[in-house]
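*Asks:* Structure provided below as structure tokens; questions to follow.
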Ligand SMILES: [Fe+2]
């Protein structure tokens, strides 16, 4: 078996674990992913995150699905970038909880199918800080908490909530930022169609090295190509329905 096949299998394994992520509980997911590495995260934070995700699923199922897919993609990017198993888990977890603050965003704004007014966009922009407040007391790594707070920051300082020039943004945050963008553009919105893989790659490459981390963009394009090339792995494709083959 050549090295590239081994790498593929790891990503597939991760995808199968994320099928639990997408449909079940984080505590169950942690059992599945234990082969990647026993995490330092205890039982209680997992149960709290399960409860938060359940609340999101009841209130706004689209956000829950977005978090699950972003978690999968974040973990897959970390895997391609050569992170060790524990760090793959932490990156996936960061993607899984990154939008938890949207629990505080009014539903009529979250589910609005036309363009947002300025004051509505301002309200949405509060979700990173709200989410960070929600999880700050949990026993999670600083990388996970940082990604929740800063996943909309950009390297050139054009993001929010603080407009920080991004030289200090940790890699986990940079990965979740790109995974979040990908999941947004590869899904249909009322006001635009879902982008195809090659269009998504173009969008990422346009911002690589300026707004987005260039190394993360490269790894993401690699993951997208692998996923879009899968023809015979239905379990993973169910989780990854958004990443349809060309
Ligand atoms: Fe967000």
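*Asks:* How many times 2.2 N^0.38 Å is the alpha carbon radius of gyration of the range 44-86?
*Replies:* Relative to the rule-of-thumb radius for its length, the range 44-86 sits at 1.38.
*Asks:* Treat the count of other C-beta atoms within 10 Å as a stand-in for reagent exposure and order 83, 121 from fewest to most.
*Replies:* Sorted ascending by nearby Cβ count, the order is 121, 83.
*Asks:* Report the FRET efficiency, 1/(1 + (r/R0)^6), for residue 104 and residue 192, where r is their Cβ-Cβ distance and R0 is 25 Å, rounded to 0.05.
*Replies:* Calculated transfer efficiency: 0.45.
We did not get these values from a lab; they are worked out from the coordinates using the rules stated. Since this is a predicted model, take the numbers as computed values, not measurements. Note: ideal-geometry Cβ built from the backbone for every residue, glycine included; neighbour counts use all protein chains shown.
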